[in-house]
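Working notes, structure below.
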Amino acid sequence: MPQLFDPLTIKGITLRNRIGIPPMCMYSYENGVSNDWQVLHLGARAAGGAGLIITEATAVEPRGRITPYDVGIWSDEHIEPLSRVVKAIKRGGAVPGIQIAHAGRKASSNRPWENGGKPILPDQPGGWHVIGPSPIAYNNEYAIPKELTHDEIHGIQEAFRNGARRALEAGFEWLEIHAAHGYLLHSFLSPVSNKRGDDYGGSFENRIRFLIETIRAIRQVWPESLPLTVRISGTDWVDDGWSLEESVTLAKILIDEGIDLIDCSSGGGVSHAKVPLGPGYQVPISEAVHKTGILTAAVGLITEPEQADEIIRNNRADIVLLGRESLRNPHWPIHAARKLNQPAPIPPQYLRAF
Ligand code: FNR
Ligand code: XEN
């Protein structure tokens, strides 16, 4: 029996199925303010039948944006426009989630479709100074980040806490902390980017400290009744980088920290890494992390209903996230249900089409 359409209850929320939309930057906003594009884009995918929709990386401070056009959550003025996105997602029958993020040393870039997505250096129009664990650039096209002081680290943790508070006020029911893809929190985890000699660098315990303290800060404002989740890069895909073994050890610690689910992505921290791209290439990461006993989401080149169902049925993940495939086909969950002979999440308004 297929299990892709089984509901999933975590804390106080229930997903109607195991299909989610992962965070995907749209770079379509001014001053970090959400707008009709986000309502339209995510509302459409909720109407398409997904159980969970996670908004794109939402910056907790202006310098934490990847591009000047990222959406943000650093001001109370961001709350009301985001609440319209929440309403649209719920109207479509999905649970509204948000990813809160800081781009760290990979901030201050062009949009992918402008100037090849290249970084904007601090002395160029529209650029700003970037920050990180150590003064090491992502690659030689990027600016060297300023090494954060302890006070600055605590300031950013406060920004994450305020972002979480605003997300709750906007009505989100699922919070994802972005600790993947070479952005700020991942850059502290990885020995490739973190060469600090203080309490935030060196040993595994020190490298995870920024993330753990951020989780604790967020916990002060995010209720126990709603899922609190973390996206990680399960591996840097290089020998001297963050490893799958470290991800598994981190997962056990995150269980004790009250994290409800780990969203298992990979890479993004090392520009020369060779990523073994292929169907479901990150599922083994989810599977290894899942064995610790924590719930996981699997993501990355999951495109077929049978493939997605196999991942859930064999306990390799609790949720599958479909990124680019959902951009091509917002109604993927409806088609998948049809293919697997399961009751399809068709909005009654669309019934005549199916
Ligand atoms: C992404 N991805 C991404 N990841 C993330 O954690 N936060 C983000 O904001 C984004 N933004 C983003 C934009 C776009 C246009 C794409 C295509 C991807 C990564 C995404 O969530 C997902 O992990 C990957 O796309 C792999 O899944 P698929 O696309 O192979 O299903
Ligand atoms: C390592 C895969 C990264 C894919 N992307 C992730 C983004 C935005 C650009 C694309 C992110 O995490 N914000």
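The values are calculated or read from the model by the stated rules, or taken from the named source; none is laboratory data. Only a predicted model underlies this, so the values are computations on that prediction, with no experimental measurement involved. Note: ideal-geometry Cβ built from the backbone for every residue, glycine included; neighbour counts use all protein chains shown. Keep in mind that these areas ignore ligands, DNA and RNA; they rest on the heavy atoms of the full protein, side chains included. Shrake-Rupley method; radii C 1.70, N 1.55, O 1.52, S 1.80 Å.
Observations on the model:
- Count of the range 295-309 residues, restricted to those that are closer than 11 Å to residue 283 by Cα and more than 16 Å from ligand 2 (Cβ to nearest atom), is 3.
- Taken over the range 143-164, the criterion of being under 20 Å from the mean Cα position of the chain (by Cα) and surrounded by 16 or more Cβ atoms within 10 Å (Cβ to Cβ) is satisfied by 156, 157, 159, 160, 161, 162, 163, 164.
- The numbered conditions (1) surrounded by fewer than 21 Cβ atoms within 10 Å (Cβ to Cβ); (2) farther than 21 Å from residue 13 by Cα; (3) out of contact with any Lys or Arg (no Cβ under 7 Å at 6 or more places or on another chain) are all true for residue 234 except (1).
- Verdict on residue 172 being aromatic (Phe, Trp, Tyr), at pLDDT 95 or above and under 20 Å from residue 60 (Cβ atoms): yes
- The one condition in (1) under 19 Å from residue 190 (Cβ atoms); (2) surrounded by 14 or more Cβ atoms within 10 Å (Cβ to Cβ); (3) over 21 Å from the mean Cα position of the chain (by Cα) that residue 140 fails to fulfil: (2)
- Scanning the range 165-189 for residues that are touching a helix residue (DSSP H, G or I) at 6+ places or on another chain (Cβ under 6 Å) and open to solvent by 10 Å² or more (accessible area, probe 1.4 Å) turns up 166, 169, 171, 183.
- Members of the range 190-220 found to be open to solvent by 40 Å² or more (accessible area, probe 1.4 Å) and of a type in the set (Gly, Ala, Ser), listed by number: 197, 202, 203
- Evaluated against (1) within 16 Å of ligand 2 (Cβ to nearest atom); (2) assigned to a helix (DSSP H, G or I); (3) over 24 Å from residue 125 (Cβ atoms), residue 39 falls short on exactly one condition, (1).
- When residues of the range 221-231 are limited to those that are open to solvent by less than 10 Å² (accessible area, probe 1.4 Å) and of a type outside the set (Ser, Thr, Tyr), the one nearest to ligand 1 (Cβ to nearest atom): 230
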